[in-house]
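Report on the following structure.
The values are calculated or read from the model by the stated rules, or taken from the named source; none is laboratory data. This is a predicted model, so every value here is computed, not measured. Counting neighbours? That spans all protein chains shown, and the Cβs are built from the backbone with ideal geometry, glycine included.
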Amino acid sequence: MSLDVLVVGGGGREHALVSGLRRSPGLGRLFCAPGNAGIGRDATPVSIEAEDIEGLADFALREAIDLTVVGPEAPLVAGIADLFRRRGLTIFGPGREAALLEGSKAFAKEVMAAAGVPTGAARAFADLESASAYVQAHGAPLVIKADGLAAGKGVTVAQTTEEAEAALRACFLEDRFGPAGRTVLVEECLVGEEVSFLAILSDGQVLPLEPAQDYKRIFDRDQGPNTGGMGCYSPVPSFTPTLREQVIRSVVKPTVAELERRAISFRGVLYAGLILTSGGPKVLEFNCRFGDPETQALIPRLRTNLLQVLWAAARGETLPLEGEWSSGPCVGVVMASRGYPASSSKGDVVSGLDRAAAVPGVQVFHSGTASIDGTVVTAGGRVLTVSALGQSFAEARRLAYRAVAAIDFPGAQHRTDIALRAEQSEVSGKERRDGGPTDA
Ligand code: GLY
């Protein structure tokens, strides 16, 4: 049987999904809406925006698409999966009710509380006065979160009560996030290493993926403003098999059971953003989709047939208990355009892509790119993710950065320390095994 597939979205995550589907036996035609310059080489582009869910359903019916795979959260929260299912189409992605785990942070906290999932203490507020009184009573540090989708910009880690008050005013008085900020969560500030742990759900069944770690700040050593993600690697050496089992037992399974108890179907990706505190792993946030740039570090490692897994989950069928993965790690370095994250630069010519792709083990995933008369130009903040597989973190980093050095566009910026910690822990682990120094 060969399956015709539509991928919805146009970033690095969707390019990675397209590449994973492209190498899956059983794939028929592959479309991506709207795609980008790089995706256009691997899938047929469809000029329908990801938010135009009616237009996408019409296209899927007209082309008799067998499976639609949704990348971004906005169409999921807008109900694309419900619409497709009503129209008899098969789609990978949760319906609106389940997608509210990402679309409403207050709802996610309520589900976690009911399921007994470990997470930071938080209160939801619908007006400035009571939120502000709570902030003054508790003192900083605190985390202020707009309840709804805010394109990754709705979270403020406030080190002082003044910063917390400013974040509350941005939501309630300045209306910076529109309806997404009319309810605000004030949350305890947790400390620890962050890990992204994703699982594919086919209603009650769970296929856990490998852990990944992303880098949110723009500059090396986690300096500067937050971004959509400046790089990623997988696996995460500090996330031991014991921790993984603990998270499956204490986070993923209870959440799935709570959704089942509420008769909420979930056929898609449950993404737990975790923080490894001294009191154990806790959930910072849930997302209802693949991560970006996590997917660009996970898909190159995946040996299981991606198409078959997504097809099975979309139909509520049996999933494998575990995926098969390359034993070697993958390191993904994001290249961003001039001015990012405050602004972005469009129309700058990107050169060196073929030389980068020729580096062994490297795949270049496009995010904000467009094609003008066959020339690739920048078209957004995050432009590319350069991912490399290696036998070790040292090798994967060397290959990824060799490919990054081959690519050029005016004002290009990237971090130089992606997966450096993992490489250092690999070196000190080897020295321990060899009986050498341990405090390198
Ligand atoms: N890497 C963060 C996200 O996908 O939301």
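Observations on the structure shown:
- The sole residue among GLU194, GLU210 that is modelled with pLDDT of 95 or more, of a type in the set (Asp, Glu) and crowded, with 22+ Cβ neighbours inside 10 Å is GLU210.
- Any chance GLU51 is of a type outside the set (A, V, I, L, M), away from the ligand (no atom under 16 Å from the Cβ), touching a residue at least 24 places away in the same chain (Cβ under 8 Å) and touching a Phe, Trp or Tyr at 6+ places or on another chain (Cβ under 8 Å): no
- Where a residue in the stretch 280-297 is acidic (Asp, Glu) and its partner, wherever it lies, is near the ligand (Cβ under 8 Å from one of its atoms) and assigned to a strand (DSSP E or B), with Cβ under 7 Å and at least six apart: GLU285/GLY273; GLU294/SER196; GLU294/ASP214; GLU294/CYS232
- Meets criteria (within 22 Å of MET112 (Cα to Cα) and either touching a Pro at 6+ places or on another chain (Cβ under 6 Å) or buried (at least 22 other Cβ atoms within 10 Å of the Cβ) (or both)) for ALA272: yes
- Taken together, the residues in the stretch 184-212 that are within 16 Å of the ligand (Cβ to nearest atom) and in contact (Cβ under 8 Å) with a residue 40 or more places away in the chain amount to 11.
- Only one entry of ALA37, ALA43, ALA57, ALA16 meets the criterion of being modelled with pLDDT of 95 or more and more than 26 Å from VAL364 (Cβ to Cβ), and that entry is ALA57.
- For the stretch 333-383, the set of residues classified as in contact (Cβ under 8 Å) with a residue 12 or more places away in the chain and among the charged types (D, E, K, R) consists of ARG338, LYS346, ASP348, ARG355, ARG382, listed by residue number.
- When the helices (runs of 4 or more DSSP H) confined to the stretch 1-119 are screened for residues that are farther than 18 Å from PHE290 by Cβ, those reaching at least 1 such residues are found at 39-42, 53-62, 80-86, 96-103, 105-115.
- Strands (runs of 3 or more DSSP E) fully within the stretch 271-376 that include at least 1 residues being within 16 Å of the ligand (Cβ to nearest atom) and within 20 Å of LYS253 (Cβ to Cβ): 280-287.
- Meets criteria (in contact (Cβ under 8 Å) with a residue 40 or more places away in the chain, farther than 19 Å from ASN287 by Cβ and out of contact with any His (no Cβ under 6 Å at 6 or more places or on another chain)) for VAL135: yes
- Hits in the stretch 200-253 (condition: out of contact with any Gly (no Cβ under 9 Å at 6 or more places or on another chain) and among the aliphatic types (A, V, I, L, M)): VAL206, MET230, VAL236, VAL247, ILE248, VAL251, VAL252
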